[in-house]
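The values are calculated or read from the model by the stated rules, or taken from the named source; none is laboratory data. Remember, predicted model here, so these are calculated numbers, not experimental data. Reconstructed Cβ throughout: ideal geometry from the backbone, glycine too, with neighbour counts over all protein chains shown. For accessibility, only protein heavy atoms count, side chains too; no ligands or nucleic acids. Shrake-Rupley method; radii C 1.70, N 1.55, O 1.52, S 1.80 Å.
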Amino acid sequence: MTQARTGRSPARTGRSLRPVRAPSPIPDDPVARLDLPVGQAGLSASGVLRRTARRLGVTTVRDLLFHLPRRYDDLREMRTLAALRDVEDGEVVSARVRVRDIRVQQTWRRRVQVTTAFVEDGTGEAEATWFGRRYIERRIKSGDELLLSGRLKRRGFTLVFDDPDFQRADDEALLHAGRIVPVYRLTRGLTAARLRQAMREAIDRAGHAYPEYVPTPILEAEKLPAIAAALEAAHYPSSFDERDQALRRLAFDELLALQLGMVGRRRQRGRQTSIAIEATDDAAAGIRLTIETAIGARIGRDVELTTDQVAAIDDIRHDLAGPEPMLRLLQGDVGSGKTAVAAWALAATAATGRQGALLAPTDLLARQHAATVGSLVEGLGLGVTLLTGSLSADGRRKASEAIASGQAGIVVGTHALFQEAVTFADLALAVVDEQHRFGVDQRAALEAKARRGTPHVLLMTATPIPRTLGQVVYADLDVSNLHTPPEGRLPIATGIRHPNDLDRLWTFVREQAEGGHRTFVVVPRIDAEAAGDEDAAVDDGADDDTEQAWAAAAEAEAVRLREILAPLRIGLVHGRLRAVDRDAEMARFRDGDLDVLVGTTVVEVGVDVPEATVMVVEGADRFGLAQLHQLRGRVGRGTARSYCALVSDRAPGTETWARLVKGDREPETPEQARLVAVARTLDGFELAEQDFALRREGNVLGLAQSGLPRLRVATLANPEHRDLAVRARTHAETIVGPDGEILPDAGRLRAEVEQGWLAPVFRGEGGGQAGAA
């Protein structure tokens, strides 16, 4: 009877039991452990890592080793509680204490408990509090000697360690206090203490045996430590000098991988051939005259292309006529006339009977380019074929047939262009707009559509790069710059307003609407960093939560402005909307069905609205200089005078802002300096140089827009790292063979850049990717 109740045998039930799979044995070879999944590597936090690490981009032990600290806290000094009375609130400190008591209490927040340890050290008393961490009660008890490290706060006369890390004072390995402590990016469910412990074990079991991949002569020439030693010092340095040497080594490796990729691609492209596209002097001049006539007809007077546009066209014409495929970047400020230059190249290609394609990152931008290019080349008898994902099935079929037959000489589209089903009859030129939005592989997929030789490629960006960085960022490209704005373009008046002084601004917006003009209102992103809390842990839901909060802020502002600006028609766009709905709202704004468009930075790159004359950027101090300049470029695209209002409370009032802009007063903070720089000049190239001087390392204007892979350690704002990049280029020239491949005697380096932690940088990944719009 008892047996019947306790279970049934497989034979009696007719079912088979699923065999329990034994865990894979952990290899003895520490190098082999590098490729183990972190959840199966025998680390003490394996269960937690298995559930959480992937959200940090960590899959293997190797990935974990290169999940580098975002900062370091110097907790080598153990202070007495009495000495902490003189410490300012918010400072991270360490102390050796004894636990006198521990309690768990319910807070006013539902189901959230606070654990409080009452501690002392003979000189004074303090409290340590943890919210929502009930397990703390099980890990420490009265009488325990602890090393505490955390942010110090005061509650009345009571010293409080807020959510501190801790470890027992008798632990042999100091991880959380009493040393230089690494601070990592976290995710929900993974604590700092557990990650540090897992990192310590990963270094001991695999990191110390990490195979050296940089050739010894290069290490000796650059005076760099071995990679195994660098990993130890990058995570658990005994001094800041040791840490700096480790990070210098890792920065060099990134820059070497970057240069290897660029040198390799440049040499591979140099060995490729392309069928020349030759335009006679008369043909080149005829295309240019047609484009100038079309622009003149649109604005109501005769115009000529700028000197910079003519020089860029000459560069492109020379490249197209050569035996090697062109790879040129057209770098032009907002509204500098890049589309006219691209239209010339596309028309010159189509005039020879071959095909040119313009790739845009969004459906809306592709439609805009198709209309603009179409109007510019119409006088030549050339048409433009549009191919995007939003076309009807019949529309896509007809466009694909025209492209495949060669009937479509100029094609404009989104990512749909490089889908497998799309074939070109004779693709000879690929123009990529907003090139940072596309990865190297995506651009290669479009180039692969060519049937005869390698197509010429023209990349375009509206965000100039500081001159000092050009030799690094554009080492594999030829560059043409458009400095001069097109003839007749009116300057945008830019002012800074305090949030308390906006009545006149909203009155002005109403007046502009009565004149048939339109206004953008952009709200700032609200997240931990913007709020100044740079120490906030990043969790798995943070990005989504932040996007949702950002969208909610835009929605709330739209509601508020509908009341303030009634009866004006107010629209709304943000990243939480479906792309089709967002594009539809922008189209309503373009077509005049809306007077004001409230949104997030999704308006930064979007539809061209010549009737938009006012850009209002709220919380402007929370935006980077590049983004402010790009947002301002959404207006001033028609014949009417345009205005940009940067709204910020970082100065006492609007009059103070005016004094700052005039130079009667010096900015007191980097945020003020950024806003003043934007208000003083419309020259994006000049702003690039100013941003280079103003911004902290790693946030230089244009790096994200350059297409440069995201670097973890190297920061090109750092002069030493720029020097490293130049020397890395020299080494790369000797390591890469004439065929663009890394030479055999650098086999370990080749394996690391192709399959290891440097692979994304080597492949040119990490820039923006085109969306599915």
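Protection proxy ranking for 501-509, 248-256, 662-670, using the average of other Cβ atoms within 10 Å per residue and placing the highest first: 248-256, 501-509, 662-670.
Between rounded, prolate and oblate, where does region 239-328 land on the alpha carbon gyration tensor, with a ≥ b ≥ c its root eigenvalues, rounded for a/c under 1.5, else prolate if a/b exceeds b/c? Oblate.
Length gained on full extension, ASP501 to ARG139: 124.8 nm, using 0.36 nm per residue less the C-alpha separation. With R₀ fixed at 41 Å, the C-beta to C-beta distance from GLN105 to ARG560 puts the FRET efficiency at about 0.55. Each Lys or Arg adds one and each Asp or Glu takes one away; over the other residues whose Cβ falls under 12 Å from the Cβ of ARG317, this sums to -3. Along the axis of the charge dipole computed for the chain (Cβ charges of +1 for Lys and Arg, -1 for Asp and Glu, origin at the Cα centre), the listed residues THR80, ALA640, GLN512 are led at the positive end by THR80. Heavy-atom accessible surface of the chain, averaged per residue, reaches 46 Å², computed with a 1.4 Å probe.
Only helical runs count toward this figure. For the chain, summing -39,500 (n - 2.57) over DSSP H runs of n ≥ 4 and dividing by all residues gives -11500 deg cm²/dmol at 222 nm. Among beta bridges from DSSP that stay inside the chain, the antiparallel ones total about 40%.
Within straight-line reach of LYS141, meaning a Cα separation under 26 Å, sit the following lysines at least 8 residues removed in sequence or on another chain: LYS153. Sorting TYR135, TYR236 on solvent-accessible area from highest to lowest, probe radius 1.4 Å, gives TYR135, TYR236. For THR80 and THR216, the FRET efficiency from 1/(1 + (r/R0)^6), where r spans their Cβ atoms and R0 equals 41 Å, is about 0.25. All Cα-Cα separations within region 405-453 were binned at 5 Å from zero, giving a P(r) of 5, 20, 34, 27, 11, 3, 0, each value a whole percent of the pairs.
Among THR601, MET586, MET615, whose Cα projects farthest towards the positive end of the dipole of region 573-615, with charges put on the beta-carbon of Lys, Arg (+1) and Asp, Glu (-1)? Projecting each Cα onto the dipole axis, the largest value belongs to THR601. Among 159-167, 222-230, sorting by the average number of other beta carbon atoms lying within 10 angstrom of each residue, highest first, gives 159-167, 222-230. Would you mind classifying region 16-163 by shape? Square roots of the alpha carbon gyration tensor eigenvalues, ordered a ≥ b ≥ c; an a/c under 1.5 is rounded, otherwise it is prolate if a/b is larger than b/c and oblate if not. Because a/c hits 1.5 or more and a/b exceeds b/c, region 16-163 counts as prolate.
Contact order, relative form, for the chain: 13 percent (alpha carbon pairs under 8 Å, 6 or more residues apart, mean separation divided by residue count). For ALA321, the residues whose amide H sits under 5 Å from its own are ILE277, ignoring neighbours fewer than 5 places away on the same chain, with H placed 1.01 Å from N.
The label-point distance for ALA371 and ARG467, in a model that sets each label 7 Å from Cα toward Cβ, rounds to 3.9 nm. Count the net charge of all other residues whose Cβ sits under 12 Å from the Cβ of ILE299, scoring Lys and Arg as +1 and Asp and Glu as -1. Around ILE299, the charge tally is +1. Ligands, DNA and RNA left out, the 1.4 Å accessible surface of the chain is 48% carbon and sulfur atoms. For GLN167, nonlocal amide neighbours, meaning residues 5 or more places apart or on other chains whose placed amide H falls under 5 Å from its own, are LEU147. Computed from point charges on the beta carbon alone (+1 for Lys and Arg, -1 for Asp and Glu), the dipole magnitude for the chain about its Cα centre is near 2920 Debye. For the chain, a/c is not less than 1.5, where a ≥ b ≥ c are the root eigenvalues of the C-alpha gyration tensor, and a/b tops b/c. That puts it in the prolate class. Relative contact order of region 347-418: 46 percent, from C-alpha pairs under 8 Å at least 6 residues apart in sequence.
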